[in-house]
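Quick notes on the structure that follows.
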Amino acid sequence: MLLKNFRKNTTFELIYSPASGQGVRNYNWGTVLMVNATQSPYFYTMKLAIVAATRLEIQPFINALTSLATPLGADVFQWNGHTIAIWITGIGPMHTAFALGQRLPAWQPDFALQAGIAGTFRHDWEPGSVVAISREVNGDLGAEDNGQFLDLFEIGLCQPDDAPYQEKFLVNTFAGWPALPAWPLATGVTVNTVSGSAPTIARLETRYQPDIESMEGAAFHYACLVENVPFLQLRCISNYVEVRDKSKWKIGLAVKNLNEALLQQVQQLTATAAHANIVN
Ligand SMILES: O=C(O)c1cccc(C(=O)CC[C@H]2O[C@@H](n3cnc4c(=O)[nH]cnc43)[C@H](O)[C@@H]2O)c1
């Protein structure tokens with residue numbers, strides 16, 4: 001939140017609650033602050049991290065930012081007084097976890113937003129549809145036992161409710177996010193290997209009832225939950241999870257729709273926060 005040039009005894013509705021900073025960090029959304037001229041002014045700008053596995057997936061968004069915002073450096077922009085950083089992590093959970101493990105604690109963003117294309121298990125969902133992921137599960141972290149897959153929890157190396165897991169899932173409650181996402185909510189499963197055989201697909205569906213498959217979602221949820229950063233994962237469906245036929249993937253459509261949704265979400269976030277700049 002940025003409060004500036006306020007008049008004596010002005011009240012402000014807290015429109016944006018930062019995850020970091022000082023002074024107002026413990027207030028909730030909707031809190032009305034009374035600020036008087038004897039108090040030090042609080043200057044808050046939102047720090048937003050946009051996370052993607054590949055640059056290709058969010059290139060249209062980066063192009064839009066380049067024309068609408070002020071570049072502050074490589075992959076860092078200023079928009080409506082807020083700082084937006086683009087973090088390209090690489091494909092898969094390992095690359096994503098390492099990148100976020102380095103960057104989240106170092107930069108401490110107020111919000112993190114992951115955007116990417118994904119496969120869907122739901123044959124009634126259309127390629128090009130955008131969803132927000134409400135919970136994630138690791139799909140291939142465990143052991144094979146004589147042809148049967150056992151996940152970490154079934155082996156007993158982890159308890160289903162060991163923090164930050166909730167019954168095996170990495171749940172986004174959207175706590176700290178300004179509003180519930182405008183897109184349908186979906187369950188995501190994260191894999192190292194894109195599922196492309198009937199037994200693997202059946203195993204994942206039976207165990208976890210996922211709607212969406214990606215290669216980074218669980219790592220993003222895990223990192224944000226551990227670092228206590230409010231987060232949102234947006235995915236746009238590029239393909240069905242089925243026996244691999246890349247010729248059927250609608251990557252162009254998925255990237256287009258993903259980037260429209262991403263721009264809309266970021267505009268909403270920055271505009272809401274910018275509202276705090278308005279001085280009466
Ligand atoms: O051409 C290939 O064989 C190939 C193999 C693995 C991945 C790719 C990608 O282009 C995926 C990039 C990116 O997209 C996400 N994604 C998209 N569809 C799926 C899916 O069905 N299952 C898992 N991940 C998917 C993923 O998050 C990657 O980052 C191409």
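The H on the amide N of Tyr240, modeled in the peptide plane, is under 5 Å from the matching H of Thr120, each at least 5 residues off or on a different chain. Rounded, prolate or oblate, given the Cα gyration tensor of the stretch 147-280, with a/c below 1.5 counting as rounded? Since a/c reaches 1.5 but b/c is at least a/b, the shape of the stretch 147-280 is classed as oblate. Applying D = kT/(6 pi eta Rh) to the stretch 47-275, where Rh is the Kirkwood radius over alpha-carbon pairs, T corresponds to 37 °C and eta to 0.692 mPa s, the Stokes-Einstein value obtained is 183 µm²/s. In this label model, Asn146 and Glu205 are separated by 2.7 nm, measuring between points 7 Å along each Cα→Cβ vector. Annotation: peptides 252-258, 210-216, ranked by per-residue average of other Cβ atoms within 10 Å with the highest first, follow the order 210-216, 252-258. Label sites at Phe174 and Ser247, each approximated as a point 7 angstrom past Cα along Cα to Cβ, lie 4.1 nm apart. Converting phi to 3J(HN,Hα) with the Karplus coefficients 6.51, -1.76 and 1.60 and the offset θ = phi - 60°, the stretch 249-264 yields 5, 9, 5, x, 4, 5, 5, 4, 5, 4, 6, 5, 5, 4, 5, 4 Hz in sequence order, with x at every glycine or proline.
Just so you know, all these numbers are worked out from the coordinates, no wet-lab data involved. Quantities reported herein were computed from a predicted structural model and do not represent experimental measurements. For neighbour counting, all protein chains shown are included, and Cβ atoms are generated from backbone atoms with ideal geometry for every residue, glycine included.
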